[in-house]
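Scroll down for the structure; my scribbles are underneath it.
The numbers here are math on the coordinates, done by the rules we state, and not lab data. Quick caveat: nothing in here was measured; it's all calculated off a predicted structure. Don't worry about glycine lacking a Cβ; one is built from the backbone with ideal geometry, like all the others, and counts go over all protein chains shown.
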Amino acid sequence: MIDPAPGPAEPKSDPVVTEYPKWMAQNAGDNKTNKRLVEFETTDAISNAYLKSADDLATFKDGKTFVPGEDATDEEKRAFLTSRGVPETADAYKKVDSNLPDGVGYTEEEYAAFTEMAFNNAWTEQQFAEHHEWEEKVTLARIEAIKNTAAESKADMLKHFEKEWGSDYNANLNLMKKGVAKFGGDDFLIKLGLAGNLPEVVNFLVEKGRSVVDDTLLDSSGKGSKKELIPGQINYSSMKGM
């Protein structure tokens, strides 16, 4: 009924039909000569093909979700996303327990922006949680790397000043601590970060500590004293020349 198909080198084209199956004469309109039906030589053949397709479709539908087309309604699109595990709203994502130190991680505003981004990109609850956990692992690894770098930097700094200060090492170290306290203590060191281990910064803090000591009350011998002194005995080095 059908002429041989063209060879592989030739472009694929519709088969040339010289004779249509007799059953097609019962069809209406263009279906009397629809070339796609020519492969079914009998009504039994087309019936069996239909039944097989129906069974295959039923099997496929079982537990499957169909992706909505461009003409789908907002309700249909939302139902599809919900079936995949995307929450109804951005603030419905379950907050993942954080292992980050206090003060590290998202602020409330940043977390809200993060959930909004996830929702707009149709992240499922699982995708949201996995990304959040991955992000925390990266942050914790960075914190650990910074701590290690700071420890190495501090060790190098101490070695440097052990050699430079010699016998004055402990005294200068105490002066540096006084200098740090003058600026706010641990909070000040946190703000300094690795810069706190630079020789220039350390020497500055030592001098600041020395000025703190020099500005304490002095007795007549010039030694620091906590006892009450009469006004004429009070002497601050920072007031010299005044």
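Overview of values
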quantity	calculated
Dimensions in Å of segment 20-105 - Rg and Dmax from alpha carbons	25.3, 82
Relative packing of 193-202, 105-114, which averages over residues the other C-beta atoms within 10 Å, highest first	193-202, 105-114
Reach of Lys178 by Cα under 19 Å, taken over aspartates and glutamates that are not fewer than 8 positions away in the same chain	Glu162, Asp168, Asp186, Asp187, Glu200, Glu207, Asp214, Asp215
Bins of 10 Å from zero: percent of alpha-carbon pairs in segment 72-222	9, 25, 19, 15, 13, 10, 6, 3, 1, 0
D (Stokes-Einstein, µm²/s), Kirkwood Cα radius, segment 66-122, 0.692 mPa s at 37 °C	248 µm²/s
Hits among aspartates and glutamates - C-alpha to C-alpha of Lys52 under 19 Å, sequence gap 8 or more where chains match	Glu39, Glu41, Asp44, Asp62
